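**Student:** Structure provided below as structure tokens; questions to follow.
The values are calculated or read from the model by the stated rules, or taken from the named source; none is laboratory data. Because the structure is predicted, anything quoted here is derived from the model rather than measured. So basically every Cβ, Gly included, is an ideal-geometry build from the backbone, and we count neighbours across all protein chains shown. Note: areas computed on protein heavy atoms with side chains; ligands, DNA, RNA excluded. Shrake-Rupley method; radii C 1.70, N 1.55, O 1.52, S 1.80 Å.
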Amino acid sequence: MIVDHTDAPDWDAWIDAESGGNFYAAKPWGTYKARLNWTVRRIAVQDGIGRPLAFVQVQERCIGPARFVLAQGCPVLTAAGRTRAEAALSALRDHLDLGLFDLFGVNFQEFQDNEAMSALLALGFVPVVSARQHTLELDLTRPIATIEAELDPKWRRKLARARRNADLETRILTGAQERLRAFDVFTEMYAALRNRKGFSTTFDPQAFRDIAATDPRLVILEVRENGSPIMVRIAHRAAARWTDFFAASNERGRATNAAALSVWSSIERAKDEGCPIYDLGGIDPAGDRGVFDFKRGISRRVVQSTPLWLYGRSRLVRSLAAAFLAQR
């Protein structure tokens, strides 16, 4: 049974109560995507006695005669849902009533579990993996001294220099107004970074501004030099993993090794909160060697990100779409 909870005030509480809950399945991310012209609905798959099996935030967009439906960070399976994952995801797929040219994509954003994966395979979804769907992970279950000792020596020296700089201060911001101010600083730095490196992105800072200021699942860390902000780093906090989201600095940030200091401060906080994994936010060695080398100084553990699971009624349409997306 499918129940629409698009306007339910308790949606985020339900998501946060589940072990697989994450920011992508929560209302604020849906609000952001709606501002980017996606149609967003929040639905629950329930069993015959009304127990929730899965929570799903569904995004839809029409492209010509076709409809693309996307679930990010979900379906979030409940304890009851994990024992009935195939039935729950089958009910979700049938509810979407896909046309011949429509496609349904599921991207768990690293929050996939084995029950969901086996269910998707059984239902005819195909995994789409591109070269960019890889990341570096840092194991936080070890002592912090061990983690630091295993850093690349050059990276460790940069961190040491930043630590010795008495003019530098790092702060994790909690107040809505100071987070908003920091995000505005980040937006200016991020625009300058894009101009300098010439990369393209679908991220819209203005549409994300109020969400960044208020959502506790986003950690905003600021590095200041003599009281002036020189770098802002944003991470996604979840019980299972912290993930580097965005970071930007100005010229002083680059000159003072603020990047090393900020990411190490985030790692220490994640470790203090008992998180087992710090995800360095993806790698693109062929397209951005500098960022890759910086991240590899922290961890050399390359892992494949969870794929985009793709389903379509037409195998031909699905195969063509999968082949196209794999080359992106």
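**Student:** What distance in nm separates the simple spin-label points at Ala323 and Thr6, each placed 7 Å from Cα in the Cβ direction?
**Tutor:** 3.6
**Student:** First select every other residue whose beta carbon is under 13 angstrom from the beta carbon of Tyr190; then total the charges, Lys and Arg +1, Asp and Glu -1.
**Tutor:** Values: positive: Arg194, Arg196, Lys197, Arg209, Arg233; negative: Asp184, Glu188, Asp204.
Summing Lys and Arg as +1 and Asp and Glu as -1 gives +2.
**Student:** Then there is this: Over the chain, what percent of the accessible surface lies on carbon and sulfur atoms, probe 1.4 Å?
**Tutor:** 51
**Student:** While we're here: Can you work out the accessible area per residue across region 1-93, with the rest of the protein chains kept in place, probe 1.4 Å, in square angstrom?
**Tutor:** 41
**Student:** Can you find, among Leu193, His95, Gly30, the residue sitting farthest towards the positive end of the charge dipole of the chain, where Lys and Arg contribute +1 and Asp and Glu -1 at Cβ?
**Tutor:** Farthest towards the positive end: Leu193.
**Student:** Positive end of the charge dipole of region 111-190 (Lys, Arg +1 and Asp, Glu -1 on Cβ, about the Cα centre): tell me which of Thr141, Met117, Asn165 has its Cα farthest that way.
**Tutor:** Sorting the options by dipole projection puts first Asn165.
**Student:** What figure, in Å² to the nearest 10, do you get for the accessible area of Met1 with a 1.4 Å probe and non-protein molecules left out?
**Tutor:** My reading of the accessible area for Met1 is about 120 Å².
**Student:** Please compute P(r) over all alpha-carbon pairs of region 15-94, binned at 10 Å starting from zero, and give each bin as a whole-number percent.
**Tutor:** For region 15-94, the binned pair fractions read 19, 48, 28, 6 percent.
**Student:** Positive end of the dipole of region 194-328, charges at C-beta (+1 Lys, Arg; -1 Asp, Glu), about the Cα centre: which of Val317, Ser228, Pro285 has its Cα farthest in that direction?
**Tutor:** The residue sitting farthest along the positive end of the dipole is Val317.
**Student:** Based on the alpha-carbon gyration tensor of region 171-229 and its eigenvalue square roots a ≥ b ≥ c, which shape applies: rounded if a/c is under 1.5, prolate if not and a/b is larger than b/c, or oblate?
**Tutor:** Judged from the Cα gyration tensor, region 171-229 comes out oblate (a/c at least 1.5, b/c at or above a/b).
**Student:** Ok, one more. On a C-alpha basis, how far is the centre of region 253-295 from the centre of region 212-232 in Å? Whole number, if you could?
**Tutor:** Here the answer is 15 Å between Cα centres.
**Student:** Also, quick follow-up: Spelling out what I want: for every residue of region 149-161, take phi, set θ = phi - 60°, compute 6.51 cos²θ - 1.76 cosθ + 1.60 (Karplus), and round to whole Hz; glycine and proline get x.
**Tutor:** Residue by residue, region 149-161 yields 5, 8, 4, 4, x, 5, 5, 5, 5, 4, 5, 4, 5 Hz.
**Student:** Give a quick list of chymotrypsin sites (Phe, Trp or Tyr not before Pro) in region 124-214 that DSSP marks as loop, anything other than H, G, I, E or B, with at most 13 other Cβ atoms within 10 Å.
**Tutor:** On the way: sites: Phe125, Trp155, Phe183, Phe186, Tyr190, Phe199, Phe203, Phe208; in loops: Phe125, Phe199, Phe203.
The qualifying sites are Phe199, Phe203.
**Student:** Which ³J(HN,Hα) values in Hz, rounded to whole numbers, follow from the phi angles of region 257-266 under the Karplus curve 6.51 cos²θ - 1.76 cosθ + 1.60, where θ = phi - 60° and Gly and Pro get x?
**Tutor:** These are the phi-based 3J(HN,Hα) values: 6, 5, 4, 5, 5, 5, 5, 5, 4, 5 Hz.
**Student:** Under the Karplus relation 6.51 cos²θ - 1.76 cosθ + 1.60, θ = phi - 60°, what is the ordered set of whole-Hz ³J(HN,Hα) values for region 291-297, x standing for Gly and Pro?
**Tutor:** Each residue of region 291-297 in turn: 5, 4, 5, 4, 5, 5, x Hz.
**Student:** Would you mind getting me the FRET efficiency between Thr146 and Lys197? Use the beta-carbon distance for r and R0 = 30 Å, nearest 0.05.
**Tutor:** According to the calculation, E is roughly 0.30.
**Student:** P(r) of region 85-235 in 5 Å steps, Cα pairs, percent per bin?
**Tutor:** 1, 6, 11, 12, 13, 15, 15, 10, 8, 4, 3, 1, 0
**Student:** Further question: Taking the Cα centre of the chain as origin, sum charge times position over the Cβ atoms of Lys and Arg (+1) and Asp and Glu (-1), and report the length of that vector in debye to the nearest 20.
**Tutor:** Dipole about the Cα centre, nearest 20: 1100 debye.
**Student:** Among Ser305, Ser265, Ser228, which one shows the highest mean-square fluctuation when the chain is modelled as a Gaussian network with alpha-carbon springs under 10 Å?
**Tutor:** The residue that fluctuates most here is Ser228.
**Student:** Cα-based count: Lys pairs in the chain below 19 Å, eight or more positions apart or different chains?
**Tutor:** 4
**Student:** Please give the Cα centre distance for region 79-118 versus region 1-57, rounded to the nearest Å.
**Tutor:** When both Cα centres are located, 14 Å separates them.
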